[in-house]
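Participant: Take this structure, written in structure tokens, and hold onto it; I'll ask about it next.
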Amino acid sequence: MKLDKAEKRALAIFSILFVFLLILLGYTIIRWKIDNTQEFVTEVTLQDRSEDGAGANNQKKSEFVTIEKTKSWISQDEDGRSIVGAEYDGTVYNNSGKNIVDWSMTIYMPNGKGGKVNSGIIDSSWNGEYTNNGDSITFIPEEYLIPVYKDDCRTFGFVMYSDKGLDFTDFEFRGYYQSNLWEYKEFWIAVGSLAIWFVWVTAWGILNIRARKLRRQKEHDEKIIEETMQVFANFIDAKDEYTKGHSTRVSFYSQKIAKRMGMNDEEIKMIGYMGLMHDCGKIAIPDEVLNKKGMLTEDERKLIEEHTIRGGQMLENFTSLPGIRDGALYHHERYDGKGYPQGLIGKEIPLYARIINVADAFDAMNSDRCYRNRLPKAKILSELRTNAGTQFDPEIVEYMIAMYQEGKI
């Protein structure tokens with residue numbers, strides 16, 4: 001399917017917009033993936049305790065941890081020494097507004113950062129795996145506890161035996177924020193714009209298909225009209241062997257003049273139709289009058305002149321091509337007002353009829369007729385110049401003279 005310039009330009013614009021939106025969407029996806037692979041580390045130190053056990057200072061953080069000693073007891077080891085056993089329950093809170101995934105936690109033993117380390121042994125635990133590293137405990141949660149959803153929490157706990165009851169206050173919490181792609185405004189801008197783009201392209205495609213269909217139908221209709229007119233013009237010209245092809249040539253000359261005058265394609269096409277039909281009224285004139293070789297009587301001359309009125313009447317109801325009757329009715333009007341059938345003067349004569357008037361006269365002089373042979377070129381040019389402003393519109397006849405001198409005709 002061959003595209004015209006307007007269609008190619010529209011497709012280029014749509015393609016550029018599509019690529020831009022894909023780049024924006026790709027940028028958003030890359031940014032989302034990068035954000036989801038950036039690890040964060042939060043150090044938490046409990047200083048003050050509120051009634052619910054959470055550190056008052058840490059409640060302002062986006063994520064924080066509390067560990068409470070829920071119960072304790074004293075027992076003896078194998079050597080008879082007293083040791084303290086305690087159960088610790090911890091909670092991870094997520095106030096960040098995003099889900100936290102792949103998280104782990106380091107719990108520092110009291111005085112475990114540079115001072116004397118209090119030793120302890122984990123006896124049992126739940127909701128995760130615990131590794132005692134001497135000065136710290138590493139906790140990795142069970143798989144089902146790994147996502148800490150926003151505005152939610154996760155619990156864990158362990159039982160520890162130590163020389164004395166320990167209070168855990170220092171933690172290092174690390175993990176990854178999980179962002180949802182639809183949380184990025186750029187994502188919605190890209191998706192929304194792509195949706196609009198899709199609607200535009202679909203609508204443009206549908207309208208373009210319909211427009212092409214209408215253009216093809218119009219071209220088909222115009223072809224039928226032109227062929228019908230050509231056939232009818234051939235019927236007219238067939239009445240006189242000397243004027244065979246006259247209507248086609250007048251149509252051609254008229255279009256050439258119109259093009260030189262700067263008319264658009266529709267106007268040029270219209271005057272071509274008018275040229276084909278300009279002599280349609282001759283079909284009502286008897287053959288013996290049209291083909292008479294001798295001088296015409298006054299009645300015969302008037303009868304032939306009636307072909308303009310007859311032509312106008314024939315085309316009067318041809319409403320699909322408005323104004324087409326003007327060529328048939330007025331092509332024998334003269335610029336000086338001495339023509340027929342109405343004796344119109346100058347610009348009173350429709351423009352298309354003035355053009356056909358020049359083309360018709362030129363072809364008459366440039367063709368053999370039953371009463372004379374074709375005139376020589378010099379004589380034709382002389383007649384065109386002499387009758388400028390009387391028989392012919394002086395501006396229009398100059399276009400015909402120029403084309404004839406340039407060999408265009």
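The values are calculated or read from the model by the stated rules, or taken from the named source; none is laboratory data. Note that the structure is a prediction, hence the values are computed from the model and not measured. Here the Cβ is made from the backbone with ideal geometry for all residues, glycine too, and neighbour counts use every protein chain on show.
Participant: Pull up region 328-381, narrow it to residues that are in contact with a His (Cβ under 9 Å, 6 or more places away or on another chain) and of a type in the set (D, E, K, R), then point me to the one that is surrounded by the fewest Cβ atoms within 10 Å (Cβ to Cβ).
Facilitator: 363
Participant: OK, next. Tell me, yes or no, whether region 308-324 has at least one residue that is among the β-branched types (Val, Ile, Thr), under 20 Å from residue 344 (Cα atoms), over 50 Å from the mean Cα position of the chain (by Cα) and surrounded by fewer than 18 Cβ atoms within 10 Å (Cβ to Cβ).
Facilitator: We begin by selecting, within region 308-324, every residue among the β-branched types (Val, Ile, Thr); these are 308-309, 319, 324.
From the residues that got through so far, the ones that are under 20 Å from residue 344 (Cα atoms) too are 308-309, 324.
Subsequent filtering for residues that are over 50 Å from the mean Cα position of the chain (by Cα) retains 308-309.
Now drop any that are not surrounded by fewer than 18 Cβ atoms within 10 Å (Cβ to Cβ), which leaves 309.
Yes - at least one qualifying residue is present in region 308-324.
Participant: What single numbered condition from (1) within 23 Å of residue 282 (Cβ to Cβ); (2) within 55 Å of the chain's Cα centre (by Cα) fails to hold for residue 398?
Facilitator: The single condition residue 398 does not satisfy is (1).
Participant: Okay, next question. Pick out the one residue from 107, 29 that is in contact with a Gly (Cβ under 9 Å, 6 or more places away or on another chain), modelled with pLDDT of 80 or more and of a type in the set (A, V, I, L, M). Lay out the reasoning, then the answer.
Facilitator: On the way: 29 fails: in contact with a Gly (Cβ under 9 Å, 6 or more places away or on another chain).
Just a single option satisfies the conditions, and that option is 107.
Participant: State whether one or more residues within region 97-104 are within 60 Å of the chain's Cα centre (by Cα), under 14 Å from residue 136 (Cβ atoms), at pLDDT 80 or above and crowded, with 19+ Cβ neighbours inside 10 Å.
Facilitator: First, pick out the residues of region 97-104 that are within 60 Å of the chain's Cα centre (by Cα): 97-104.
Checking the rest, the ones that are also under 14 Å from residue 136 (Cβ atoms) come to 104.
Subsequent filtering for residues that are at pLDDT 80 or above retains 104.
Filter once more, keeping what is crowded, with 19+ Cβ neighbours inside 10 Å: none.
Within region 97-104, not a single residue is within 60 Å of the chain's Cα centre (by Cα), under 14 Å from residue 136 (Cβ atoms), at pLDDT 80 or above and crowded, with 19+ Cβ neighbours inside 10 Å.
Participant: Then there is this: Could you list, in sequence order, the residues of region 190-221 that are among the aliphatic types (A, V, I, L, M) and under 19 Å from residue 13 (Cβ atoms)? Show your work before the answer.
Facilitator: Going residue by residue through region 190-221, those that are among the aliphatic types (A, V, I, L, M) are 190-191, 194-196, 199, 201, 203, 206-207, 209, 211, 214.
Once the filter is applied, which keeps residues that are among the aliphatic types (A, V, I, L, M) and under 19 Å from residue 13 (Cβ atoms), region 190-221 yields 190, 194, 195, 196, 199, 201, 203, 206, 207, 209, 211.
Participant: Restricting attention to region 147-158, and to residues there that are touching a Phe, Trp or Tyr at 6+ places or on another chain (Cβ under 7 Å) and of a type outside the set (Phe, Trp, Tyr), which single residue is surrounded by the fewest Cβ atoms within 10 Å (Cβ to Cβ)?
Facilitator: Here is the first cut: in region 147-158, the ones touching a Phe, Trp or Tyr at 6+ places or on another chain (Cβ under 7 Å) are 148, 153, 156-158.
With of a type outside the set (Phe, Trp, Tyr) added as a condition, the list becomes 148, 153, 157.
Numbers: 148: 23, 153: 15, 157: 18.
The qualifying residue surrounded by the fewest Cβ atoms within 10 Å (Cβ to Cβ) is 153.
Participant: Out of 144, 130, I need the residue that is within 30 Å of residue 37 (Cβ to Cβ) and at pLDDT 90 or above. Which one?
Facilitator: 130
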